[in-house]
2 protein chains.
Amino acid sequence: MRATVLDQSVREFSSGLAAKQPTPGGGSAAALAGALGAGLVSMVCQYTVGRERYADVEEAARRVLARADELRVELEQAVDADVAAYGSYSQAQSMPRETEADQRERHAALQAALRESTEVPLGVAERCAELLELAAEAAEIGNPFLISDAAVGAEMAAAALASAELNVRLNVGGLEDNAFAGEVRTRLDAIAARVGGRELVDRAERAVAERAGA
Amino acid sequence: MRATVLDQSVREFSSGLAAKQPTPGGGSAAALAGALGAGLVSMVCQYTVGRERYADVEEAARRVLARADELRVELEQAVDADVAAYGSYSQAQSMPRETEADQRERHAALQAALRESTEVPLGVAERCAELLELAAEAAEIGNPFLISDAAVGAEMAAAALASAELNVRLNVGGLEDNAFAGEVRTRLDAIAARVGGRELVDRAERAVAERAGA
């Protein structure tokens, strides 16, 4: 077993998803799609900064680039964190349940694992919400020869966000810590308000239609 | 330089997207997202086939699994094919343009490369349209403990399709072969009719809401 799925080749990762093994699964695929989206936003900015022609957007492009780079690394880490969360859950499930003390411990471990399995995709969703804003901005200000990549970045971020949210919603229902569950739902509402459905994706694609090759 | 980007590690591929280098770019990211989606659909079916409990959907799950496996391999190949298409274009651009004969040759090579750069994402879009149908079916008939993975697969396929379509539309405008350009537009219309906007993604997510953990 490799230390991290990020060290697997792209082909191994893709085949690993398809295989009859629980990880990597949808949570890791979603995090990776987000990381790919962040990478594309960075690429657009890389071809924008430091050029006389785009001097008027230099500062904004540098800011978007720096933040997209950070988000990419964090989303890459979430690919692994999702595998680890499944490991925690699986380990908790296999704990003994002979005595009452066993059962209490196992129950607590399962709840902790469920919390981990909620926090990881919630973090992915929040990062992808921010990434969607950056992708729309990159499509609007970036080098027009590459802005289709910004729009693809927006599509990747939107799919990653929707996928992560789905996993959060499935896991939050099993949480017994009502305060934490409530906090999770508040954060999901904040994400929904931030992205406004398909609004940011549409903004990126509108920018491509207007500016591509300009 | 590696023979294929599929041999790169997941982390290298993700960093490579972000780097100031033209490939891999949005076309490869889209194809990979499609492959990840196909992988997830396969995984759901892997945990469905051969089980007494899901005997009534055995045949359908086997069919979906076999086809999703094929699509995954084809979409993985498209990750590389997109890099190759960019290489053809870049090579054509650097051809000499001294004489009239040079210019004619260079022009023909650019048109051939543009055709390649249209065919690759068109193939991705068509495969993702089929994959969306399979993902919706897997969400409806698959092992309910894994169907969120089918819905994530649908999200990945939809994002890959939209991204590939964007690249087709950007490239088809530069094609001088009107017959081929017309054929491309006809195939895009067929894809749009097949997937019906977000209909198949919604079907997958409705199935998750109704069946998850059932």
Query raised in the report: Taking the stretch A:147-195 only, how many residues are in contact (Cβ under 8 Å) with a residue 60 or more places away in the chain, over 15 Å from A:L122 (Cβ atoms) and within 14 Å of chain B (Cβ to nearest Cβ)?
Result: 11
Report summary line: Those residues of the stretch A:124-139 that are closer than 19 Å to A:A212 by Cα and small (G, A, S) come to a total of 4
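Whether any residue in the stretch A:137-151 is in contact with a Cys (Cβ under 7 Å, 6 or more places away or on another chain), of a type outside the set (F, W, Y), part of a helix (DSSP H, G or I) and within 29 Å of A:R51 (Cβ to Cβ) is what I want to check. I'd like the intermediate steps shown before the answer.
The first filter runs over the stretch A:137-151 and keeps only residues in contact with a Cys (Cβ under 7 Å, 6 or more places away or on another chain), leaving A:138, A:142.
Next, only the ones that are of a type outside the set (F, W, Y) stay: A:138, A:142.
Narrowing further to those that are part of a helix (DSSP H, G or I): A:138.
Add one more test, that the residue is within 29 Å of A:R51 (Cβ to Cβ), and what stays is A:138.
Checked against the condition, which is being in contact with a Cys (Cβ under 7 Å, 6 or more places away or on another chain), of a type outside the set (F, W, Y), part of a helix (DSSP H, G or I) and within 29 Å of A:R51 (Cβ to Cβ), the stretch A:137-151 yields at least one hit.
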**Report entry** Test: A:A84 is without any contact (Cβ under 8 Å) to a residue 60 or more places away in the chain and of a type in the set (A, V, I, L, M)
**Finding:** yes
Query raised in the report: in contact with a Leu (Cβ under 7 Å, 6 or more places away or on another chain) and crowded, with 24+ Cβ neighbours inside 10 Å, is that true of B:A212?
Result: no
Query raised in the report: Which residue pairs have Cβ atoms closer than 9 Å, lie 6 or more positions apart in sequence or on different chains, and pair a first residue in the stretch A:11-38 that is in contact (Cβ under 8 Å) with a residue 40 or more places away in the chain and of a type in the set (A, V, I, L, M) with a second residue that is buried (at least 24 other Cβ atoms within 10 Å of the Cβ) and not in a helix (DSSP H, G or I)?
Result: A:L32/A:P24
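Readers should treat all values here as calculations from the given coordinates under stated rules, not as data from a laboratory. Please read these numbers as outputs of a predicted model, since none were measured by experiment. Using ideal geometry, Cβ is built from the backbone for each residue, glycine included, and neighbour counts are taken over all protein chains shown.
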